[in-house]
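Have a look at the structure below before the remarks.
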Amino acid sequence: MLGLEMFYVGAERPIPVGKHQVRMEFAYDGGGLAKGGAVTLYYDGEKVGGGRVERTIPFIFSADETTDLGRDTGTCVATDYDLKSSRFAGTINWVQIDLKKDDQDHYISPEERFRVAMTRQ
């Protein structure tokens with residue numbers, strides 16, 4: 001969360017050697033901006049881990065970060081490895097990002113808008 005907080009979710013076991021589908025699902029709590037959600041991890045459709053992300057970033061991302069696949073080129077996503085050790089040595093055949101229909105429940109309510117305005121006074 002912009003370097004202010006970190007939330008860790010991991011699998012119960014390493015990815016097996018060979019070709020596999022690795023999937024992450026994020027179920028947003030809803031009810032406004034920056035809420036958290038449940039994370040579930042899968043290997044070949046089998047649940048192998050999960051956890052919680054307590055908050056999400058509502059508006060901005062760092063100007064010097066990128067969407068990295070197979071390695072981190074900016075800030076590492078975890079403190080237990082660095083830019084050199086985070087490089088994936090295998091082959092990533094494809095990446096698919098699916099977004100569910102947006103029901104707009106994350107938009108800020110009038111009450112939240114007022115609260116934010118008052119905190120900036």
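Only the coordinates and a few stated rules stand behind these numbers; no lab work does. Predicted model, so just to flag it, every value in this text is computed and none were measured. Methodologically, a virtual Cβ is constructed for each residue, glycine included, from the backbone with ideal geometry; neighbour enumeration extends over all protein chains shown.
Summary of computed values
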read-out: By average C-beta atoms within 10 angstrom, highest first, the peptides 10-21, 70-81; value: 70-81, 10-21
read-out: Surrounding net charge for Phe7, when Lys and Arg each add one and Asp and Glu each subtract one, Cβ distance under 9 Å; value: 0
read-out: Prolate/oblate/rounded label for segment 16-91 (Cα gyration tensor, a/c 1.5); value: oblate
